[in-house]
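Peer 1: Below is the structure I would like to discuss, written out as structure tokens.
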């Protein structure tokens, strides 16, 4: 049986040092205990979604996972994520449709689309025609780059 690629590089010593530095930095900012940022990861590729969730948990984020857009919308209503990380190409509801729905339910949630496939420009254009613009990141993305991008977006 062929091993399915997740697109993530296993944690190395360098990644672990960076993770520890991020956690120390977060612990040192503001004296009181802060709530952990909430992130919803949505991808119909369950292995990729679960791997992403585990990586984000290791960096101190509170995470939830959904494997389809409809489930993701239910989670958004109760979880109120600061950040939604979603794949673009999914059955039934694609990532842009999900992002537009999330924006309507939870306007403060930041949204990051990611895709490892070509041919998504038409989907993105449909969102633009409705007045929505979302950031897109190519898969695979190194875990440290993903964490850095999320943290920078949350600071803004």
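Peer 1: What about residue 148, is it closer than 23 Å to residue 37 by Cβ, without any contact (Cβ under 8 Å) to a residue 12 or more places away in the chain and within 13 Å of the chain's Cα centre (by Cα)? Working first, answer last.
Peer 2: Working: closer than 23 Å to residue 37 by Cβ: yes; without any contact (Cβ under 8 Å) to a residue 12 or more places away in the chain: yes; within 13 Å of the chain's Cα centre (by Cα): yes.
Considered against the rule, which asks whether it is closer than 23 Å to residue 37 by Cβ, without any contact (Cβ under 8 Å) to a residue 12 or more places away in the chain and within 13 Å of the chain's Cα centre (by Cα), residue 148 comes out as yes.
Peer 1: Considering (1) assigned to a helix (DSSP H, G or I); (2) modelled with pLDDT under 95, say which one residue 49 fails and leave the rest.
Peer 2: (2)
Peer 1: Among (1) in contact with a strand residue (DSSP E or B) (Cβ under 9 Å, 6 or more places away or on another chain); (2) under 19 Å from residue 147 (Cβ atoms); (3) without any contact (Cβ under 8 Å) to a residue 40 or more places away in the chain, where does residue 84 come up short?
Peer 2: Here residue 84 clears every test but (3).
Peer 1: Here is a check on your reading of the model: is residue 126 without any contact (Cβ under 8 Å) to a residue 24 or more places away in the chain and in contact with a helix residue (DSSP H, G or I) (Cβ under 9 Å, 6 or more places away or on another chain)? Let's see the steps before the verdict.
Peer 2: Working: without any contact (Cβ under 8 Å) to a residue 24 or more places away in the chain: no; in contact with a helix residue (DSSP H, G or I) (Cβ under 9 Å, 6 or more places away or on another chain): yes.
No: the conditions fail for residue 126.
Peer 1: Another one. Within the group 106, 101, 78, which residue is surrounded by 16 or more Cβ atoms within 10 Å (Cβ to Cβ) and within 21 Å of residue 35 (Cβ to Cβ)? Walk me through how you get there before you give the answer.
Peer 2: Numbers: 101 fails: within 21 Å of residue 35 (Cβ to Cβ); 78 fails: surrounded by 16 or more Cβ atoms within 10 Å (Cβ to Cβ).
Testing whether each residue is surrounded by 16 or more Cβ atoms within 10 Å (Cβ to Cβ) and within 21 Å of residue 35 (Cβ to Cβ) leaves just 106.
Peer 1: Residues in the range 109-120 that are surrounded by 11 or more Cβ atoms within 10 Å (Cβ to Cβ) and more than 17 Å from the chain's Cα centre (by Cα): how many?
Peer 2: First, pick out the residues of the range 109-120 that are surrounded by 11 or more Cβ atoms within 10 Å (Cβ to Cβ): 109-116, 120.
After this cut, where a residue has to be more than 17 Å from the chain's Cα centre (by Cα) as well, the list is 120.
Total meeting the criteria: 1.
Peer 1: Out of the residues in the range 92-123 that are out of contact with any helix residue (DSSP H, G or I) (no Cβ under 9 Å at 6 or more places or on another chain) and more than 21 Å from residue 145 (Cβ to Cβ), which is modelled with the lowest pLDDT?
Peer 2: 119
The values are calculated or read from the model by the stated rules, or taken from the named source; none is laboratory data. For clarity, every value in this text was computed on a predicted model and none was experimentally measured. Positions of Cβ are backbone-derived with ideal geometry, glycine not excepted, and every protein chain shown enters the neighbour counts.
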